[in-house]
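Structure record follows, encoded as structure tokens.
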Amino acid sequence: MQPPPQPQGAMATGAAILTVPCSVGRRPKRSSQRRGSGSASLSVRASSDANTVTLLDYGAGNVRSVRNAIRHLGFGIRDVRSPEDILAADRLVFPGVGAFGSAMDVLNSTGMADALREYVQMDRPFLGICLGLQLLFDSSEENGPVSGLGLIPGVVRRFDSSKGLIVPHIGWNALEITKDTQLLQGADGHHVYFVHSYHALPSDANRDWISSICNYGDSFISSISMGNIQAVQFHPEKSGDTGLSILKNFLSANSSGAKVPARRKASKLAKRVIACLDVRSNDNGDLVVTKGDQYDVRDHTSSKEVRNLGKPVDLASQYYIDGADEVSFLNITGFRDFPLGDLPMLEVLRCASEKVFVPLTVGGGIRDFTDANGRYYSSLEVASEYFRSGADKISIGSDAVYAAEAFLQTGVKTGKSSLEQISRVYGNQAVVVSIDPRRVYVNSPEDVPFKTVKVSSKGPSGEEYAWYQCTVSGGRDSRPIGAYELAKAVEELGAGEILLNCIDCDGQGCGFDIDLVKMVSDAVTIPVIASSGAGAVEHFSEVFEKTNASAALAAGIFHRKEVPILAVKEHLVDAGVEVRV
């Protein structure tokens, strides 16, 4: 198994696309001849299969989700294997992953650039997703400046986190339609899913290209449309019903626009509600969803059996229907000695991605390892297999703790840790670090060399302060590092998001640890997901109102149907919290 080509810097986006390198002016010409090239024009007759879509997949990232969305809508897929395949297409979709510069390198080195130019000049439909929109502009500041395709005037810039803006921009944000197009018909004021650190700014020079904008700190371009060129910064394949309707509008040549379910008008970035599924084998060898009580997943009965709360794919599919903004799988089963031998978990991802059109995260066992035959596998190879199986993000736990400890001791980024390897290739927005701390009470901040907080409730001996000691191996082993120090270190090493658990609150149903969540979410400029302790709808509004958490995750209350996802979102709406409904 070979990992995708490594970009030389952080990626601009999550699942991005390669799109048309049009070399002529600001608009494609209707011509069968390439301009600006002395070589002969490629000539291939277009396919007449109206139900087949041509897909350019160069082997990086979670392209399976795009494939599944296209197939879900009733269309077949023809893969590009040569430049001639591009010219034979009726409709072209470009999914993939890469940095701005390396994406341009791939287009040129594979010979696809000229074919793409000719394809656009012959006035055939194509759709770009995420990085594909950015490549159309003059240049990008990502590891640059790097020249783009020069089709649209403007420079792609990184979001400015210096004033407290959380970067990457991850989550469901509102579209504001500025041009009447078939692609976005019915999507005005709806939330769609974004995951990117770089963005294109609207200007007088590119005004005619813009079909929608979105606001995150400043207004940025969320989609463009001009002639046959259509591109979106968001991910329609991960944007639920709204995203599927947008894809259908592109795929159905004679469509008058798919209907999007009516809902409350979106206005800004929504807080996310995430359903988490702890997956492991039970004593009979079946893969089940379970739930721990302070990380103990066995019933407190004479049987001591692993709690079985349902089948992973069935539950994930139901949570998607119920309105979960993301679904997270945590693999706590017994495949840790050979992660790539974990075929059941990989199959769970493949099957779930056929039914769940919101982001999927998977964690557990993603690290370097050597099998029984002495064959070494890098964490990048392991993560690549999860991405190919349908994961949009991977979550790293214990391995990130060890990497952070080494970094804090030496101050040196080796580039060899799983966190650094995976974020370098797939981008930091694809890497979540899961932090599993437990509370340690102290009388004074001077008692420990770690960041402390003045706790809302005093400790057992009247202590007014606490620090949060991180653990590894599923909470079994404590480490000499605090949650604050770990969060700061992993952000520096390339994490794009933090999943913040709390062993003390896990399974207790008494609410999130607000002191912990506030401390960490105030310390970093990447999104923080609050986890552990939710037992009522009020706990979700509390964590969003009192901290800078971008999302809140729950498991047991959803599995046991104690608190439905819809009830959480209705409560958040009543509390004035922006959510995707």
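The values are calculated or read from the model by the stated rules, or taken from the named source; none is laboratory data. These numbers come from a predicted model, not from an experiment. With ideal geometry, Cβ positions are generated from the backbone for all residues, glycine too; neighbour counts draw on all protein chains shown. We work out accessible area using only protein heavy atoms, side chains counted, and drop any ligands, DNA or RNA first. Shrake-Rupley method; radii C 1.70, N 1.55, O 1.52, S 1.80 Å.
As a calculated quantity, the FRET efficiency between Ser267 and Glu538 at R0 = 22 Å, using C-beta atoms, amounts to about 0.40.
Stretching Asp79 away from Lys454 to a fully extended chain increases their span by 129.2 nm, per 0.36 nm per residue minus the current alpha-carbon distance.
The 3J(HN,Hα) values that the Karplus relation (6.51, -1.76, 1.60; θ = phi - 60°) gives for the range 233-242 are, in residue order, 7, 8, 10, x, 5, 10, 10, x, 4, 4 Hz. Gly and Pro appear as x. Near Glu545, once Lys and Arg are set to +1 and Asp and Glu to -1 for all other residues with Cβ below 13 Å from its Cβ, the sum equals -1. Measuring against 28 Å, Cα to Cα, the residue pairs Lys163/Lys458; Lys311/Lys569; Lys271/Lys488; Lys179/Lys265; Lys413/Lys454; Lys271/Lys413 contain Lys163/Lys458; Lys413/Lys454; Lys271/Lys413 as the ones spanning a longer distance.
Sequence-ordered 3J(HN,Hα) estimates for the range 552-568 from the Karplus curve with 6.51, -1.76 and 1.60 and θ = phi - 60° stand at 10, 10, 9, 9, x, 5, 7, 4, 8, 6, 6, 9, x, 4, 4, 5, 4 Hz, glycine and proline given as x. Between Lys355 and Gln409, the contour length at 0.36 nm per residue exceeds the alpha carbon distance by 15.0 nm. As a calculated quantity, the FRET efficiency between Ala372 and Asp477 at R0 = 22 Å, using C-beta atoms, amounts to about 0.35.
For Asp278, the residues 5 or more places off, or on other chains, whose built amide H falls under 5 Å of its own are Thr290, Leu330. Here the range 271-575 is assigned +1 on the Cβ of each Lys and Arg and -1 on the Cβ of each Asp and Glu. Its dipole about the Cα centre then comes out at about 280 debye. Across Thr452, Thr410, the residue with the most accessible area heads the list, and the full order at a 1.4 Å probe is Thr410, Thr452. The label point for Asn108 and the one for Leu165, both projected 7 Å from the Cα toward the Cβ, are 3.0 nm apart. Residues whose amide H comes within less than 5 Å of that of Ala466, counting only those at least five positions distant or on another chain, are Val442, Val453, Val455 (H built at 1.01 Å from N in the peptide plane).
Please list 417-429, 371-383 highest first by mean number of surrounding beta-carbon atoms within 10 Å per residue.
Details: 417-429: 24.8, 371-383: 14.8.
Order by mean packing, descending: 417-429, 371-383.
Share of the range 52-269's accessible area from carbon and sulfur, percent, 1.4 Å? Provide the component values of the computation, followed by the final result.
On the way: 3280 of 7310 Å².
Roughly 45 percent of what the probe reaches on the range 52-269 is carbon or sulfur.
Taken along the Cα-to-beta-carbon direction at a fixed 7 Å, the label points for Leu566 and Lys546 span 3.0 nm.
Proximity of backbone amide H atoms, modeled 1.01 Å from N, is registered between Val155 and Leu201 at under 5 Å, excluding neighbours fewer than 5 places apart on the same chain. With distances taken between every two different alpha-carbon atoms, the range 271-575 has a Kirkwood hydrodynamic radius of 19.6 Å.
The C-alpha radius of gyration of the range 52-269, expressed as a fraction of 2.2 N^0.38 Å, stands at 0.96.
Solvent exposure of Asp447, expressed as accessible area, is near 90 Å², computed with a probe of 1.4 Å over the protein chains only. Pair-distance distribution of the range 444-500: all C-alpha pairs, bin width 5 Å, starting at 0; shares per bin in whole percent are 4, 17, 21, 23, 21, 10, 4, 1.
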